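Participant: Okay, here's the structure, questions in a sec.
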Amino acid sequence: MRRACLYLPDGTLFASFARNPELACPRSRATAVHWTVIIGNAPVMSQGRDVGIVVVERDLAELQERIIVTALIAGGMLLVAGTVAAWLAHRLTRRVSTPITKLAMAAGNIGHEGQDRQPLLEIAAPPDEVGQLVDAFRAMVGRLLESNETLRNEIEERRKVETEREALLERERHTSRLKDEFLAAVSHELRTPLNAILGWVQMLGATELDAETTAKAIASIGRNARAQTRVIEDLVDVSRIVTGKLHLRMEPVDLRGVVDGALEVIRPVAVAKRITVDVQVPDEICLVNGDQDRLRQVIWNLLSNAVKFTPAEGRVSVALRSVGGLYEIAVADTGLGIKPEFLPYVFDRFRQGDGSMTREHGGLGLGLSIVKELTEVHGGTVAVTSEGEGQGATFFVLLGAMDSVTVAS
């Protein structure tokens, strides 16, 4: 207590107590109040009458220091508590919201190329409700990806089936077109010589022709009959090859005789077109195991094609040589040549560089396919090269040579 003052009812100081002389009681009752001091007063009563007022004043400086210390302590504790609360809130946020945020980002990435499964595998979730949510979502995405993969495979399979179906339809359309062209060519090739034969037969039967005209008629009938026979024989050969009914009489055959036999047949036609035929055959015997007539047919077909597609004053050559245990027969011409895009199909049945009925050269497109089939049944191979249209073509037939032991036996 700093001081105590007793005042009469009229406010005059009656008695006082002061801890410090500087703190003497004022003569009249003070009314000012300072925040560092607390003042209390009470009336003094005597026999029911108010005889004065006692005023007691207490210094709050010590209490103020306590309040400040307490406030500082409370502030520090509040700061520590706030920091701890913020840290806990941050940890809780990371523990709860981070997996959910990553889960949302992963969900947004699903469906993007290369982002289907990897984001979900990187999400680490606690073993609580959030972890259960991530696990459930991961399982759902796994099922979704499996379904998508299955659907993608089905689509790819259907696309392949559709592509194969389109290719099959295209092959069928192509085959149908080749069939129509072939039937038209057969009709033309059979009807043309037949018309010539019938025309000459009617003239011979209707009128008396002179010897020269009669000889010309007989020659034309024979020529057209042979042409028709070749067409029919080609058709029969193809039928036998396709059905596997082609029979060969295998024996040692000298290829030099085969080449000479084919040249005897083709030379008159070449002479008529003023085509030079060059021949190169070795002096030594060239034996192969084969059917002589069928091998002659192979060489004749190649020579016939060469002469047919070589213009007048052109050149056709045939060469027989030994190549590393094989015999190679090369037939070259200076004729029309072969288009590069048609080279892979030269040996296909019923295929011709010009399949229209207005083409300059006749034929069914069977000759070269027969060459290929007959060569292969003899264990050989056939190939063709051409620099393009107008550059001629060269056909190569390779046949296995008979060894000395086989020839001796």
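FYI, it's all coordinate maths here, none of it is from the lab. Being a predicted model, the structure only gives us computed values, none of them experimental. Positions of Cβ are generated from backbone atoms using ideal geometry, with glycine treated the same way; all protein chains shown enter the neighbour counts.
Participant: Going by C-beta contacts inside 10 Å, put L263, L72 in order with the fewest on the left. Before the final figure, lay out each step's value.
Facilitator: Values: L263 18, L72 10.
Lowest to highest Cβ neighbour count: L72, L263.
Participant: Here is a further query. Whose amide H sits under 5 Å from the amide H of V281, counting only residues 5 or more places off or on another chain, with H placed in the peptide plane?
Facilitator: When sequence neighbours closer than 5 places are left aside, the close amide H contacts are L320.
Participant: How big is the range 205-275 by the Kirkwood estimate over distinct Cα pairs, in Å?
Facilitator: Taking every pair of different Cα atoms in the range 205-275, averaging 1/r and inverting gives 15.9 Å.
Participant: Show the residues, 5+ positions off or on another chain, whose built amide H is closer than 5 Å to the amide H of A393.
Facilitator: Here D333, G335, G337 satisfy the definition.
Participant: A further question on this structure: Could you compute the FRET efficiency for A312 and E146, with r as their C-beta to C-beta distance and R0 at 51 Å, rounded to 0.05?
Facilitator: Values: r = 74 Å, r/R0 = 1.45.
Calculated transfer efficiency: 0.10.
Participant: For R2, list long-range residues whose amide hydrogen, built 1.01 Å from N in the peptide plane, is under 5 Å from its own amide hydrogen.
Facilitator: Those lying under 5 Å, H to H, from R2 are E57, R58, D59.
Participant: Okay, next question. What list of whole percents do you get for P(r) of the range 249-408, with Cα-Cα distances grouped in 5 Å bins up to the one holding the largest distance?
Facilitator: Using 5 Å bins, I get a P(r) of 2, 9, 18, 22, 20, 15, 8, 4, 2, 0, 0 for the range 249-408.
Participant: Additional query: Go through 144-152, 6-14, 377-385 and give me the packing order, highest mean Cβ count within 10 Å leading. The partial results should precede the final answer.
Facilitator: Numbers: 144-152: 11.4, 6-14: 14.2, 377-385: 16.7.
The peptides rank, most packed first, as 377-385, 6-14, 144-152.
Participant: Given the C-alpha centroids of the range 43-64 and the range 1-28, what is the distance between them in whole angstrom?
Facilitator: Between the Cα centre of the range 43-64 and that of the range 1-28, the gap is 10 Å.
Participant: Could I ask something else about it? Show log10 I(q)/I(0) for the range 125-246 at q = 0.10, 0.17, 0.22 Å⁻¹, two decimals, from a solvent-free Debye sum over equal Cα scatterers.
Facilitator: Taken in order of the listed q values, log10 I(q)/I(0) reads -0.65, -0.99, -1.17.
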